[in-house]
Structures are given as structure tokens and as C-alpha cells.
1. Just checking: which of the helices (runs of 4 or more DSSP H) contained wholly in the stretch 1-78 hold 1 or more residues that are of a type in the set (Ser, Thr, Tyr)?
2. Given the condition in a loop (DSSP other than H, G, I, E, B), touching a residue at least 12 places away in the same chain (Cβ under 8 Å) and surrounded by fewer than 16 Cβ atoms within 10 Å (Cβ to Cβ), answer yes or no: does some residue in the stretch 134-148 qualify?
3. Identify, from the list 99, 39, 47, the residue that is of a type in the set (A, V, I, L, M, F, W, C), within 22 Å of the chain's Cα centre (by Cα), open to solvent by 30 Å² or more (accessible area, probe 1.4 Å) and modelled with pLDDT of 95 or more.
4. Mind checking which pairs have a first residue in the stretch 55-84 that is more than 21 Å from residue 138 (Cβ to Cβ) and a second that is open to solvent by 60 Å² or more (accessible area, probe 1.4 Å), Cβ under 7 Å, 6 or more apart or different chains?
5. Since residue 295 meets every condition but one in (1) buried (at least 20 other Cβ atoms within 10 Å of the Cβ); (2) closer than 30 Å to residue 20 by Cα; (3) touching a Pro at 6+ places or on another chain (Cβ under 8 Å), which condition does it not meet?
6. Given the residues 247, 273, which is the only one that is under 20 Å from residue 322 (Cβ atoms) and under 19 Å from the mean Cα position of the chain (by Cα)?
7. For residue 313, all conditions in the list (1) hydroxyl-bearing (Ser, Thr, Tyr); (2) at pLDDT 95 or above; (3) surrounded by 16 or more Cβ atoms within 10 Å (Cβ to Cβ) hold save one; what is the number of the exception?
8. Which members of the stretch 295-341 meet the condition of being in a loop (DSSP other than H, G, I, E, B) and over 22 Å from residue 263 (Cβ atoms)?
Amino acid sequence: MTVVHHPEDARILHRQIRALVDAGHEVTYAAPYTARGVVPRSWVTGVDLPRAAERKRFAAVRAARDLFKRLRDKVDLALIHDPELLFAVAGVRRRPPVVWDVHEDTPATLSLKPWLPRPLRPPVRALARVLEGTAERHMHLLLAETAYAGRFRQAHLVVPNETWVPDTVTPPGDDRVVYLGWLSEARGVREAVEVGRLLQPYRVTVELIGYADPQSRPVLNQAVAEGLLEWRDFMPNDEALKRLDGALAGLSLLHDEPNYRHSMPTKIVEYMAHGIPVITTPSPRAVELVERYHSGMVVPWEDAQAVAKAVLTLKDDERERRAQGARGYSAARANHHWPNSARRFVAQLEAWA
């Protein structure tokens, strides 16, 4: 179940659910289909839920709780993906094993929510820590990052945000840079727009793929109207990944925020998996990955000029551009190919069920 994530979420649908289905299991996937304007994939049993967005969350949690009560005797295990859904399963009697997939540093993430008034953020962060401790005592946990382990008393299986690495890739081109993922100010929307402006004279297109938060949508619409970049909005992960093939480079423009300091930007692994160089701001995990495999370039925080300079450096040096892409691809195939983690994920859920 999820009431927050898009039904086509890469981690939930294209990795975890696909792994379960490939292993022969039947999956009922409850998600906000209508609210997001999509229909369930044919290989799951889809159930529509309301979407929890900004301050409007109570109705979605209540609907999820009602659904959980109806299905508790019909499923072997329930996997939830949002902190909000802890309230949907709490106290329900005769429930099956419940697994919470911890996607992010929940207390730290709250500092990035513009809909949450600043005076409420400290007490809500404290509540989030209490909820995490309660969840650990009463259900099973999966972690998306090894860095999250320090928030919990016990050891939990880490199911990293890896990706499907194709058998072959197209070498990087010289006229298009891409960004794949959620779009917000903290993830570099304004820098991306400025990079588009700076690269216009050099005939390099900036292409953004991903859902934008309400604060960023007007900025992006204006940039598109001015011809500064292309924004494709949300695309299903399997379709979006195809857009990476043949790009000059992939961008990761995260700001220096607490929630990002210990997280591996999935997009970096996806860029490497499709054989294109990475241009990233210096979040520690991103730097570790790019420098270990020599698969890209690191630029300062919130510096569009430096990003544009890095793009042009790669544009002018085809040999280095291809070498970075090839090294990244080889590393992704060897160390970050999702099927390797998928087997551990499925085996763990089978054991709990």
C-alpha cells in the first residue's frame, strides 16, 4: 500500500512488485491511481486509494485502514511504503505480518515540507522518531539506505535503490543533458533552469523528466515557455529510463539538506546504468560513488555556472565522455544491478510470510 507515492514509483512497482511477481507471487497493489491519472498494470490486482498530499492526509489514511481491515484475512503479508500508513495498520487485530519499507530519513525530510509550518516541524520530527521506534517493536522493517540503520535499535535488511542495468547501452552523445526524478527547489530546479539558459548558445538541450512539486511547476512552465529547457513531467520508470540513452550527461543537483547527506541519489546509479557521465553536487554518497568509479564530475552546491562548464567540458572531449560513461556502466552492472538485491528482498518477505 501507498497513499503518497505515484503508483508507477520505480522502487515499489518496477523493482519490488515486479520481483515478487517474477518469483510467482500474487500482488494486490493499493495506490492512488485515480488521483494520479493512471491505471494498474496488468500483472497486479490494483485497488484505488485517495492520495495523501500536503495537509490533506486523513482521508487517505482512513481509506487505507478500511482496506487493510477488509484484506487482512486474504493476504499473507502487507508491505507499506509511507510513514502515514503506520496509522492505518496500528492496533488492527488479527493482522498479517506488516512490513514497513523505510524510503527516507523521515524526521529530516520534514524540514523540506513547505506545507508544514515551521513552528510545528520540531514537534512533528519528535513524533516521527517515536513512530519509528514503535514501528520497529511491532512490525518488520526494510531500509532503503545503510545510513538509516543508526536510527533503529535492531539490524534490518537493506534493500538499496538499485536499478535494472541493460545488457548493452548507447554511447553518450553531445547535444542533450538529462535529469530524472522528483523536481523541487531543494533538488535543483532553479539551477536546472539557469543551466538551460547558459547552454542555449551551445545548442545543448536540458531535458527534465519527473513530477514537480506545486512550488516548482510555475517556474518550469515559464522556463518551457521561454524555450530554456524541455520538461516531460512524470513518466513511468521503464519509459523514462529509455530517455537516458545517448544523453551527454545526467544531472543530480541536490542542495545541502539533512535528508540528502546520507542518501544515495538513485538517479546517479540510473545514469551510470545507461552509460552516461554524471554531473553531481557534492552530497557525500554521490561523491563517493562518482569518485570511486571515475564516472562523472562533482560541482559546487547551487552553482549553475559550474554545471554548465562541466557540461561543455564533456561536450568538447568525446573520448573522456565515453570513458566516464563506460566506467559507470561497468560499475553499475557489477555492483548495482537490481536482480542481485531482488533475490534477498523476495526471500526475506517469504520468510516473514
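1. Details: elements: 18-22, 33-36, 58-71.
Fully inside the stretch 1-78 and qualifying: 33-36.
2. Taking the stretch 134-148 first, the residues in a loop (DSSP other than H, G, I, E, B) are 139, 144-145.
After this cut, where a residue has to be touching a residue at least 12 places away in the same chain (Cβ under 8 Å) as well, the list is 139, 144-145.
In the following step, the residues that additionally are surrounded by fewer than 16 Cβ atoms within 10 Å (Cβ to Cβ) were identified as none.
No, that holds for no residue.
3. Working: 99 fails: open to solvent by 30 Å² or more (accessible area, probe 1.4 Å); 47 fails: within 22 Å of the chain's Cα centre (by Cα).
Just one listed residue meets the conditions, 39.
4. So the pair list comes out as 60/51.
5. Single failed check for residue 295: (2).
6. Numbers: 247 fails: under 19 Å from the mean Cα position of the chain (by Cα).
Of the residues listed, the single one that is under 20 Å from residue 322 (Cβ atoms) and under 19 Å from the mean Cα position of the chain (by Cα) is 273.
7. With respect to (1) hydroxyl-bearing (Ser, Thr, Tyr); (2) at pLDDT 95 or above; (3) surrounded by 16 or more Cβ atoms within 10 Å (Cβ to Cβ), residue 313 is out only on (3).
8. Restricting attention to the stretch 295-341, the residues satisfying the condition of being in a loop (DSSP other than H, G, I, E, B) are 295, 299-303, 317, 336.
Selection gives 317 alone.
The values are calculated or read from the model by the stated rules, or taken from the named source; none is laboratory data. Note that this is a predicted model, so its numbers are computed, not measured. Neighbour counts run over all protein chains shown; Cβ positions are idealised from the backbone, glycine included. The protein model used for the area step is the full one, side chains on, heavy atoms only, and it has no ligands, DNA or RNA in it. Shrake-Rupley method; radii C 1.70, N 1.55, O 1.52, S 1.80 Å.
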